[in-house]
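The values are calculated or read from the model by the stated rules, or taken from the named source; none is laboratory data. All of these numbers come straight from a predicted model, not from anything done at the bench. Virtual Cβ from ideal backbone geometry, glycine too; neighbours counted across all protein chains shown. Remember, those area values only see protein heavy atoms, side chains included, never the ligands or the DNA or RNA. Shrake-Rupley method; radii C 1.70, N 1.55, O 1.52, S 1.80 Å.
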Amino acid sequence: MPTRALYAAEPIAPHTVPWNYEHAATETFTRPATLADYDAVNQLHDRSSLASRFARYQSARRNLRLVEWRHLTNPDRATSWVSHPRHSPQDIVATMNLVRTTDPNTAELGLLIEDDWQGRGLGTALAAQARAAARNLGCSSLIVMTGADNVRMLKIMRGLGVIPARTCGTTLDFSLPVA
């Protein structure tokens, strides 16, 4: 995972977070992720192309280890959601993670959307929801680290009116104010 957030020292403050989302345009439902979603999330990884996984992790990552999923579903360190088709709750098609960074006012956003579900507006909707959730977690900004060739994430960031705050080689860092 391209993140300085994984081992941050500060736990996420206990705030009210909007947990469940229904996306009418994509006919999907997004709910909080739990440890029990581990196998379904790795099935999502299996169905996702190498290009999609590389865009998310900036490496040729195949799946998540259980210790990583435990971290992503530990409310003291991260808040994660899974999205599924409205009438197929067992079929996870996307994950969204907000992970606390070493800056207590900032969380890092990560999205993975199954290839067949890309280009429908789900990523844009999830990014907007992540912004609202980060605000409710007491954050003042979200960071997104992505490759310069991740066309879909770049489009999402442009749509949110955000330009890269920093470029390091082929990696772009975005900082999204949430207030």
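Please report, in debye to the nearest 20, how large the charge dipole of the chain is about its Cα centre when each Lys and Arg carries +1 at its beta carbon and each Asp and Glu carries -1 there.
So the magnitude is around 300 debye.
Dividing the alpha-carbon radius of gyration of the range 99-168 by 2.2 N^0.38 Å (N being the number of residues), what value is obtained?
Its radius of gyration relative to the 2.2 N^0.38 Å reference: 1.11.
Counting only Cα, what are the radius of gyration and maximum Cα-Cα distance Dmax of the range 15-79, in Å?
When restricted to the Cα atoms of the range 15-79, Rg and Dmax are 13.4, 36 Å.
Give the separation of the Cα centroids, the range 100-179 to the range 28-42, in Å.
Cα centroid to Cα centroid, the span is 20 Å.
Considering the values [x] 37, 35, 32; [y] 116, 34, 25; [z] 57, 35, 28, which represents Cα extents along the principal axes in Å as calculated for the structure under consideration?
Comparing each candidate, only [x] matches the computed number.
For the range 46-108, rounded, prolate or oblate, judged on the Cα gyration tensor with a ≥ b ≥ c (square roots of eigenvalues), a/c < 1.5 rounded, else prolate if a/b > b/c? Mind dumping the intermediate values first?
Details: a/c = 1.97, a/b = 1.31, b/c = 1.51.
Oblate.
How do the peptides 64-70, 37-43, 94-100 rank, highest first, by the average count of neighbouring beta carbon atoms within 10 Å per residue?
Details: 64-70: 14.0, 37-43: 17.9, 94-100: 24.6.
My ranking of the peptides, most packed first, is 94-100, 37-43, 64-70.
At 1.4 Å probe size, with no ligands or nucleic acids counted, give the accessible surface of residue 50 in Å², nearest ten.
Near enough 100 Å² of accessible area.
As an exercise, use a Förster radius of 35 Å and the Cβ-Cβ distance of residue 91 and residue 132 to find the FRET efficiency, rounded to the nearest 0.05. Don't jump to the answer; show the numbers that get you there.
Working: r = 25 Å, r/R0 = 0.72.
Step by step, r from the Cβ atoms, then E = 0.90.
Give a residue-ordered list of calculated ³J(HN,Hα) values for the range 161-177 (Karplus: 6.51 cos²θ - 1.76 cosθ + 1.60, θ = phi - 60°; whole Hz; x for Gly, Pro).
The phi angles translate into x, 10, 10, x, 7, 7, 10, 10, x, 9, 9, 10, 10, 10, 10, 9, x Hz.
May I ask you to derive the relative contact order of the chain, considering only C-alpha pairs under 8 Å and at least 6 residues apart, and to give it as an integer percent? Please report the intermediate quantities before stating the final value.
On the way: 338 pairs, mean separation 41.4, N = 179.
Normalised by residue count, the contact order of the chain is 23 percent.
Can you show me the helix-derived [θ] at 222 nm for the chain, built from DSSP H runs with n ≥ 4 at -39,500 (n - 2.57) apiece and divided by the number of residues, rounded to the nearest 500.
It lands at -8000 deg cm²/dmol.
Under a Cβ-Cβ cut-off of 12 Å, what is the net charge of the residues other than residue 98 that fall near it, where Lys and Arg count +1 and Asp and Glu count -1?
+3
Less than 18 Å from a label point 7 Å out along the Cα-to-Cβ axis of residue 105: which backbone N atoms in the range 119-142 qualify, by residue?
The answer is 131-142, whose backbone nitrogens lie closer than 18 Å to the label point.
Mind giving me the FRET efficiency for residue 158 and residue 63? R0 is 35 Å, r the Cβ-Cβ distance, nearest 0.05 is fine.
0.70
Between residue 168 and residue 31, 0.36 nm times their residue separation minus their Cα-Cα distance comes to what?
46.0 nm
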